[in-house]
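For reference, the structure is listed below as structure tokens.
The values are calculated or read from the model by the stated rules, or taken from the named source; none is laboratory data. Bear in mind that the values here come from a model prediction, so they are computed numbers and not experimental data. Note that we place each Cβ from the backbone using ideal geometry, even for glycine, and neighbour counts take in every protein chain shown.
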Amino acid sequence: MLTVIALSDLLSARRSFSGTVGLVPTMGYLHEGHLSLIRRAKQECDHVVVSIFVNPTQFGPKEDLSKYPRDLDRDLTLIESLGADLVWAPTAEIMYPQGYQTWVEVEAITRPLEGAMRPGHFRGVTTVVAKLFNGVQPHRAYFGQKDAQQAAVIRQMTRDLNFPIEIVICPIVREPDGLALSSRNVYLDAEQRKAATVLYRSLSAAKNAYEDGEHDAEKLRQIMKDVLTSEPLAQMQYVSCADYDTLEELETVTGKTLLSMAVFMGKTRLIDNFVLG
Ligand code: AMP
């Protein structure tokens with residue numbers, strides 16, 4: 001497996017590939033969620049490229065950029081063990097050299113949910129993903145349903161900008177107790193870790209109610225809120241019951257629907273979601 005940093009080295013490695021190329025973009029500190037994307041790419045593509053880049057432009061000024069967990073050596077060992085061909089781990093100076101001034105902005109679908117809570121976040125995400133796409137030139141790119149709005153935004157950008165890339169969205173990998181795997185889970189202390197199952201419990205309660213015939217979206221939102229507020233360590237930021245494609249809040253659940261939420265456990269912000277229908 002080759003690890004490259006410079007764009008020129010990435011481009012020359014890319015030229016040596018024949019057949020299909022799959023890209024798995026990550027911010028590193030890999031867990032089973034990331035590894036599931038790499039395994040899927042390995043099954044479906046002749047070559048697999050993993051990018052590792054903690055993208056500063058998608059973090060707000062009060063977010064955890066400087067303390068975001070990193071362990072490149074461990075990541076490279078894991079990626080190599082799965083049989084990936086190439087890792088691109090550029091520096092911030094390579095991605096955003098002095099004088100950098102071009103941004104990719106997707107409009108309506110970036111406004112609610114994460115976009116409302118994290119101004120500028122998706123502008124950073126779409127810009128870096130466009131740069132990863134142009135550098136790696138993959139046939140397929142693999143993202144997790146864990147970041148449901150990000151997946152929707154990337155699909156939109158790919159369509160809108162004519163990237164000839166198939167976007168593959170992979171299911172959420174969870175701990176046995178339901179907590180969605182996240183690099184940020186390492187911030188949780190033992191008590192918060194226990195309490196963090198409240199996201200899964202809250203989503204499950206709404207899903208059960210839906211399956212029992214409750215299709216009033218406001219009632220489903222209220223069910224999620226009630227479970228979240230029953231956990232004293234959890235601070236709800238939002239709950240949503242929205243159209244899966246547009247992410248607009250629903251009154252009634254009819255088609256494919258995204259239940260999603262963001263919750264603070266102490267200073268750690270956790271997100272999770274279920275898809276209905
Ligand atoms: P990140 O390193 O957090 O930017 O995540 C890189 C990719 O892994 C994104 O497409 C995430 O949606 C995906 N991912 C993160 N956590 C999980 C998970 N628990 N299950 C599946 N995919 C995940």
Any residue in segment 240-259 that is β-branched (V, I, T), touching a Cys at 6+ places or on another chain (Cβ under 9 Å) and farther than 29 Å from V129 by Cα?
-> yes
The one condition T57 fails out of (1) within 14 Å of the ligand (Cβ to nearest atom); (2) more than 22 Å from Q137 (Cα to Cα); (3) in a helix (DSSP H, G or I) is (2)
Those residues of segment 147-164 which are surrounded by fewer than 18 Cβ atoms within 10 Å (Cβ to Cβ) and either among the aromatic types (F, W, Y) or farther than 19 Å from G124 by Cβ (or both) amount to R159, N162, P164
Being within 13 Å of the ligand (Cβ to nearest atom) and among the basic types (K, R) is the filter; apply it to segment 144-184 and report the residue that is farthest from P25 (Cα to Cα).
-> R174
Segment 200-225, residues that are closer than 18 Å to K256 by Cβ and of a type in the set (D, E) | E211, E214, D216
Could you say whether any residue in segment 187-194 is closer than 20 Å to V239 by Cβ, away from the ligand (no atom under 16 Å from the Cβ) and touching a strand residue (DSSP E or B) at 6+ places or on another chain (Cβ under 6 Å)?
-> yes
Pairs, please: C-beta under 7 Å, at least 6 apart or cross-chain, first residue in contact (Cβ under 8 Å) with a residue 60 or more places away in the chain and in segment 151-170, second polar (S, T, N, Q) and within 12 Å of the ligand (Cβ to nearest atom)?
-> C170/S36; C170/Q145
Among the numbered conditions (1) within 29 Å of P164 (Cβ to Cβ); (2) in a helix (DSSP H, G or I), tell me where A84 comes up short.
-> (2)
Within segment 43-66, restricting to residues that are surrounded by fewer than 21 Cβ atoms within 10 Å (Cβ to Cβ) and β-branched (V, I, T), the one that is nearest to the chain's Cα centre (by Cα) is V54
If we keep just the residues of segment 237-252 that are among the charged types (D, E, K, R) and modelled with pLDDT of 95 or more, which is surrounded by the most Cβ atoms within 10 Å (Cβ to Cβ)?
-> D243
Does A190 satisfy the criteria of being among the hydrophobic types (A, V, I, L, M, F, W, C) and crowded, with 19+ Cβ neighbours inside 10 Å?
-> no
Selection from segment 45-54 of residues within 11 Å of the ligand (Cβ to nearest atom) and either touching a residue at least 40 places away in the same chain (Cβ under 8 Å) or of a type in the set (K, R) (or both) yields S51, F53
Here the residues within segment 12-44 that are more than 16 Å from the ligand (Cβ to nearest atom), in contact with a strand residue (DSSP E or B) (Cβ under 6 Å, 6 or more places away or on another chain) and assigned to a loop (DSSP other than H, G, I, E, B) are F17
